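*Asks:* After the structure tokens below, expect a handful of questions from me.
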Amino acid sequence: MWSGPRNVSTAFMRSWGNREDTLVVDEPFYAHYLKVTGVDHPGRDEVVASHESDWRRVADSLLAPLPDGKSILYQKQMSHHLLPQMGRNWLDGLTHAFLIRDPRPMIASLGEKLGDFDVSATGLPQQIEIFEHVVRRTGRVPPVVDAADLLARPQPVLRALCAALDVAFDSRMLSWPAGPRATDGVWARYWYERVERSIGFEPPPAADTPVELSPKAAAIEAKCRPLYERLREQCVRA
């Protein structure tokens, strides 16, 4: 599941992780991304020290056989973690889907965590690149889910996504126990406070809720908007 930050991606991971047939992995390339780029994220040194930072070893682990009783590996992937110098051939061994969010609230939320950032930190340019790669390699359009649709109509959207992935829908995806998970990255303490209190998908904010952006953030939003709309056209219909 290729997402950008602040896209309800951790709640979506909780949803899939509540299935008995599914193992989840949380942002497996984050340590590599931080080590190579040198960007200053909360808990940066701890993440690099605690998680595998060799992308090749990570990719191999994502293609390894699953444990007994598990038939699905749900990968919560941040698209901007797939850096240009990383190989792409390993992607052929996976089934791909995409999680997007309207860039205006996403950028506002990301700004609260990171302060200064550029368009690449939103993950949208990389989502487009990965989406086009998947289409070229498979000849099929992979499913896309908009976070607003997911929050507004969890069950229909999950059913539509599962159908597109040829996976049986499981009602346990609609709610989950509160609290942390052993599968969460060590960065959870900096990013997951809200989702650790959750027990299901929260209703979306009202459509008329104002979202204020600084001039710089508004310029980033303007670059993101056409990328988001391009993926939005491919969303699953529920």
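The values are calculated or read from the model by the stated rules, or taken from the named source; none is laboratory data. All values reported here derive from a predicted model rather than from experimental measurement. Heads up, the Cβs are rebuilt from the backbone with ideal geometry, glycines too, and the neighbour counts pull from every protein chain shown.
*Asks:* Out of the residues in region 192-232 that are under 21 Å from LEU114 (Cβ atoms) and in a loop (DSSP other than H, G, I, E, B), which is nearest to the chain's Cα centre (by Cα)? Lay out the reasoning, then the answer.
*Replies:* Within region 192-232, the first condition is being under 21 Å from LEU114 (Cβ atoms), and the residues that meet it are 192-196, 205, 211-225, 227-228.
Retained after the next criterion (residues that are in a loop (DSSP other than H, G, I, E, B)): 192, 205, 211-214.
Details: TYR192: 14, PRO205: 20, VAL211: 22, GLU212: 24, LEU213: 23, SER214: 25 Å.
Only one residue fits best here, namely TYR192.
*Asks:* Take ARG197 and tell me if it is farther than 26 Å from PRO42 by Cβ and charged (D, E, K, R). Explain how you work it out, then say what you get.
*Replies:* Details: farther than 26 Å from PRO42 by Cβ: no; charged (D, E, K, R): yes.
Spelling it out, it is not the case that ARG197 is farther than 26 Å from PRO42 by Cβ and charged (D, E, K, R).
*Asks:* Moving on. Out of all the residues in region 10-19, is one or more in contact (Cβ under 8 Å) with a residue 40 or more places away in the chain, buried (at least 23 other Cβ atoms within 10 Å of the Cβ) and hydroxyl-bearing (Ser, Thr, Tyr)?
*Replies:* Filtering region 10-19 for residues in contact (Cβ under 8 Å) with a residue 40 or more places away in the chain gives 10-19.
The next check asks that each one be buried (at least 23 other Cβ atoms within 10 Å of the Cβ); those that pass are 10, 12-16.
Filter again for hydroxyl-bearing (Ser, Thr, Tyr), leaving 10, 15.
Yes; the residues of region 10-19 include at least one that is in contact (Cβ under 8 Å) with a residue 40 or more places away in the chain, buried (at least 23 other Cβ atoms within 10 Å of the Cβ) and hydroxyl-bearing (Ser, Thr, Tyr).
*Asks:* Name the residues in region 67-94 that are of a type in the set (Ser, Thr, Tyr) and surrounded by 14 or more Cβ atoms within 10 Å (Cβ to Cβ), would you? Quick ask: steps written out before the conclusion?
*Replies:* Going through region 67-94, the residues of a type in the set (Ser, Thr, Tyr) turn out to be 71, 74, 79.
Answer for region 67-94, where residues must be of a type in the set (Ser, Thr, Tyr) and surrounded by 14 or more Cβ atoms within 10 Å (Cβ to Cβ): TYR74, SER79.
For (1) among the acidic types (Asp, Glu); (2) farther than 22 Å from ILE220 by Cα; (3) without any contact (Cβ under 8 Å) to a residue 40 or more places away in the chain; (4) surrounded by 15 or more Cβ atoms within 10 Å (Cβ to Cβ), each residue gets a yes or a no:
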residue: ILE107; (1), (2), (3), (4): no, no, no, yes
residue: ASP118; (1), (2), (3), (4): yes, no, no, no
residue: ILE130; (1), (2), (3), (4): no, no, no, yes
residue: VAL157; (1), (2), (3), (4): no, yes, no, yes
residue: LEU161; (1), (2), (3), (4): no, yes, no, yes
residue: SER171; (1), (2), (3), (4): no, yes, yes, no
residue: TRP176; (1), (2), (3), (4): no, yes, no, yes
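*Asks:* Going by the structure shown, is GLY139 modelled with pLDDT of 95 or more and over 19 Å from the mean Cα position of the chain (by Cα)?
*Replies:* On the way: modelled with pLDDT of 95 or more: yes; over 19 Å from the mean Cα position of the chain (by Cα): yes.
Spelling it out, GLY139 is indeed modelled with pLDDT of 95 or more and over 19 Å from the mean Cα position of the chain (by Cα).
*Asks:* Go through region 199-212 and give me each residue that's touching a residue at least 60 places away in the same chain (Cβ under 8 Å) and in contact with a helix residue (DSSP H, G or I) (Cβ under 6 Å, 6 or more places away or on another chain).
*Replies:* Passing the criteria: PHE201, VAL211.
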